[in-house]
Every structure is written in structure tokens, then in C-alpha cells.
């Protein structure tokens, strides 16, 4: 095995994508018309800001790399500081969720750390019953990464039960407004095709060999991809079903809500036709707040084994049909499904709920 080719502490591939797709920020054309991007407008604002500052460097590409890594690690440090200073959730186990190697690794190299931090801040606001602040943080997460929409149904039911219909409608309106602006503005300056560009790209993505479907296909010796060949929208329907199932759990207490959201998240990731290792960043905020030893232990293991999955097993197996990638993926998949099952079981437990001011 060639261990020299493993990206132990540096992975510039995605940062290179952010750099290329932010060329509009230095006058290389109009975003979504002249410059292709697979990311929504809010994410491009991040990319473009870093690109504009990096233009002052003698080597702008190197400057972008340094600035991006510094920004991502600063966002991650903010999340860790919140965890360390949280009086209600202090403890070594909850902190270890954030200090596992995979979340730290991807914080430096993937933009998912920013919507993950926004999600973490949303949970703090929900716990404190700062409803509008929570809605705004959720709106930022959705604008940065549209996947966060799957959180809204369960939170909407939670607010509805605690504050009534008017508050739930207001919460939803605040949460979707940044996303709506992220559609309206590209429509204005890039047309329908430009507005649809990032979403068309991701909706058209197929199997990448790393999803739950792929892992189960390898374990069972069968081809589960044929299911989505016959039912091309099966994955999306299951993802919507997971979000609605989380809402159907009718969370009333904050702990129930967090577990329902963890269920929605792991369901979303488990039935997707493609999977990316940086999604581990999304698990940390919910696992941190779950207050369950089993979930914390699995989340910590997930953070360690995901690093073994990428970069280690991925790079060792790159360009081959064998290698350690498939068995490691199978283990990571099993951990994710364990989180799904545990969250489903805990989310339905009755717990006392208190009502706070809106």
C-alpha cells in the first residue's frame, strides 16, 4: 500500500473548486451565466469574499487556500468554544464529538462547516426559546446548503405546539426568506437557467460508490441501484418521508426535538444516492445536544472512523476496485443507521415541556 499518497492533513481539491467558481468576484464574468457554480448564492458570497481578499496576495490561489482554511478553522473553533463554555452540556464525552479527527479535518477543507455552525447556533437559540433568532440561523443554514430544509418540518411542529400557528408561520417565513432571496436574485441577474444551475447539478447526481445503497449492495452481493433505475425519484421521496416522519414524532420538549432532527438528518443521508464524508460535520451539533450516552459514543466513533474512510481508505483504494474503502464504508454506514434507529426510539419518548415567550 502506498501511504505516501494519502492526504493526511491537506486536501485542496474542494478548495480549488471554490476558487474556480468564485472567479466572478475578480471580474471574470457573471455568476451562473459566464461562471459555472454548483453552489447556491449564499455559498458563493462566501467564496467570492475570500477570493476578493485573496486577490491582494502575490499568489492569489495560495492566498485563497490560506484564507479559506483559516476561515473554516475559525468557524470550527467558534463551535468548539460554544461547546466548552456551555454550562448545561459540559463533559468530556460531548466535547469529544467535536474533537474527533474527521470534523476537524473537514472544517479546514469543506464549506459545510459554515452551515453546520449555523445549525449549532440555531439549536442554542431553540434551547433558549429565542424563536426568531433560531429561525434566522436556520435560514442561513438553508441558504448555504439547501439540504437543511429537511429540518424545517419537525421544527415547525415543535413551534406550533409550543407557541401556536401564528408563531410557527412566522418561524417558517423567516427561515425560508434567505433561501428565497437566493433564488430571486440569481433569477434577476442570470435568468431561469442560472437560478436552477446549482440545484440541477445536485438533483442530477447519481451513485458515487459511497452511499448506504452502495454499502448494502456490497454487503448483500446485490445491486440496489436498480431500484432507483426503475423508480428514479425513490431517493428523494424517501428523504421527504424522513423529514415528515420526524415531524410526525410531534416533539414538544427540546430533547425530543433534537432527537427528531437527528433522525431526519440520518434518514436524509442514509437514503441519498450519493454520500460525502464531510457530512460528519452535520452530525456533531445534534449528537452534542442529544444528552444520550449511546448517541454520543456512536457519534464519537463516527468522527474517528470517517477519517479512516477519507482520506485514508479512499486514497489507498483510489483507482482500484478493491482496497479497504468498501469495508470501512460498510462500518460507517452501520454507525449512521445505528444513530437513525436510536434517534427514532428516543424521539418518541414522552418528556415534560415548558413554554417560553416568543
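The values are calculated or read from the model by the stated rules, or taken from the named source; none is laboratory data. Computed from a predicted structure; not experimentally measured. Ideal geometry is used to build each Cβ from the backbone, glycine not excepted, and the neighbour counts take in all protein chains shown.
Closer than 25 Å to residue 296 by Cα, modelled with pLDDT under 95, out of contact with any strand residue (DSSP E or B) (no Cβ under 8 Å at 6 or more places or on another chain) and surrounded by fewer than 19 Cβ atoms within 10 Å (Cβ to Cβ): which single residue out of 348, 321 fits that description? So that I can check it myself, show each step before the final result.
Working: 321 fails: closer than 25 Å to residue 296 by Cα.
Result of the check over 348, 321: 348.
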Checklist entry - Considering 148, 107, which residue is under 24 Å from residue 12 (Cβ atoms) and surrounded by 24 or more Cβ atoms within 10 Å (Cβ to Cβ)? => result 107
Next on the checklist: Please verify whether residue 39 is assigned to a loop (DSSP other than H, G, I, E, B), closer than 28 Å to residue 202 by Cα, under 20 Å from the mean Cα position of the chain (by Cα) and at pLDDT 95 or above, treating the condition exactly as stated.
Outcome noted: yes
Next on the checklist: Any residue at all in the range 166-179 that's more than 21 Å from the chain's Cα centre (by Cα), crowded, with 17+ Cβ neighbours inside 10 Å, outside any helix (DSSP H, G or I) and at negative phi?
Outcome noted: no
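Condition check: modelled with pLDDT of 95 or more, more than 20 Å from residue 14 (Cβ to Cβ), in contact with a helix residue (DSSP H, G or I) (Cβ under 6 Å, 6 or more places away or on another chain) and in a helix (DSSP H, G or I). Does residue 96 satisfy that?
On the way: modelled with pLDDT of 95 or more: no; more than 20 Å from residue 14 (Cβ to Cβ): yes; in contact with a helix residue (DSSP H, G or I) (Cβ under 6 Å, 6 or more places away or on another chain): yes; in a helix (DSSP H, G or I): yes.
In short, no.
Going through 237, 261, 257 one at a time, which residue ends up being at pLDDT below 95 and either within 22 Å of residue 161 (Cβ to Cβ) or out of contact with any strand residue (DSSP E or B) (no Cβ under 9 Å at 6 or more places or on another chain) (or both)? Walk me through it before giving the result.
Working: 261 fails: at pLDDT below 95; 257 fails: at pLDDT below 95.
Matching residue, one of 237, 261, 257: 237.
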Next on the checklist: Filter the range 111-133 down to the residues that are within 17 Å of the chain's Cα centre (by Cα) and either buried (at least 22 other Cβ atoms within 10 Å of the Cβ) or closer than 19 Å to residue 298 by Cβ (or both) and list them by number.
Outcome noted: 111, 112, 113, 114, 115, 116, 117, 118, 119, 120, 122, 123
Checklist entry - In the range 227-292, which helices (runs of 4 or more DSSP H) lie fully inside it and hold 3 or more residues that are surrounded by fewer than 24 Cβ atoms within 10 Å (Cβ to Cβ)? => result 234-248, 254-271
Next on the checklist: Looking at the range 17-61 only, could you name the residues that are more than 22 Å from residue 190 (Cβ to Cβ), touching a residue at least 12 places away in the same chain (Cβ under 8 Å) and surrounded by fewer than 14 Cβ atoms within 10 Å (Cβ to Cβ)?
Outcome noted: 55
Item to check | Tally, over the range 189-215, of residues that are assigned to a helix (DSSP H, G or I), surrounded by 13 or more Cβ atoms within 10 Å (Cβ to Cβ) and in contact with a helix residue (DSSP H, G or I) (Cβ under 9 Å, 6 or more places away or on another chain) | outcome: 12
Next on the checklist: Would you confirm, using the coordinates I've provided, whether residue 328 is buried (at least 21 other Cβ atoms within 10 Å of the Cβ), more than 25 Å from residue 248 (Cα to Cα) and without any contact (Cβ under 8 Å) to a residue 24 or more places away in the chain?
Outcome noted: yes
